[in-house]
Amino acid sequence: QVQLVQSGGGLVQPGGSLRLSCAASGTISRITTMAWYRQAPGKQRELVAELANDGDTYYEDSVKGRFTISRDNTKNTAYLQMNTLKPEDTAVYYCRAVAFLRGFWGQGTQVTVSS
């Protein structure tokens, strides 16, 4: 089993930055992929960024060049650095870990981009 606890998020003005954190515990040695998803009101949850153990990354087109996913194995924590935020980035953000061929989710955190 893997447990994920998120922190960060909040209200930020357009053009601002936020960093989300996702602390993992449990059988973390079996994690193969860390990812961030988001879900805006009335929309489906979508994959924002993904980081595999081999270092491969994926970014959704609208966040390329603005968001960066990273992982600090010494702290068992994944991060999503979000820069140049736009109102359309407003959503609940979730981290997800893949281990034992299963997905484990964080509790979600609200990000609101508004002036």
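Taken over region 74-102, the criterion of being among the aromatic types (Phe, Trp, Tyr) and part of a strand (DSSP E or B) is satisfied by 79, 93, 94. So which residues in region 10-50 are open to solvent by less than 30 Å² (accessible area, probe 1.4 Å) and under 11 Å from the mean Cα position of the chain (by Cα)? Of everything in region 10-50, those that are open to solvent by less than 30 Å² (accessible area, probe 1.4 Å) and under 11 Å from the mean Cα position of the chain (by Cα) turn out to be 20, 21, 22, 34, 35, 36, 38, 48, 49.
Listed by first and then second residue, the pairs linking a residue in region 72-87 that is farther than 20 Å from residue 4 by Cα and among the basic types (Lys, Arg) to a residue that is open to solvent by 60 Å² or more (accessible area, probe 1.4 Å) and outside any strand (DSSP E or B), with Cβ atoms under 8 Å apart and 6 or more places separating them unless they lie on different chains, are 86/14. When 53, 73 are screened for being touching a strand residue (DSSP E or B) at 6+ places or on another chain (Cβ under 6 Å), open to solvent by 90 Å² or more (accessible area, probe 1.4 Å), more than 13 Å from residue 95 (Cβ to Cβ) and polar (S, T, N, Q), only 53 passes.
Could you tell me whether region 98-113 includes any residue that is open to solvent by 20 Å² or more (accessible area, probe 1.4 Å) and touching an Asp or Glu at 6+ places or on another chain (Cβ under 6 Å)? No: zero hits.
Conditions tested, residue by residue: (1) of a type in the set (Lys, Arg); (2) at pLDDT below 95.
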residue	(1), (2)
20	no, no
26	no, yes
38	yes, no
68	no, no
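Restricting attention to region 101-113, the residues being under 13 Å from residue 3 (Cα atoms) and touching a Lys or Arg at 6+ places or on another chain (Cβ under 8 Å) number 4.
The values are calculated or read from the model by the stated rules, or taken from the named source; none is laboratory data. As the structure is a computational prediction, the values presented were derived from the model and not from experiment. Neighbour counts are summed over all protein chains in view; Cβ atoms, including those assigned to glycine, are modelled from backbone coordinates with ideal geometry. Surface accessibility is based on the protein's heavy atoms, side chains included, excluding ligands, DNA and RNA. Shrake-Rupley method; radii C 1.70, N 1.55, O 1.52, S 1.80 Å.
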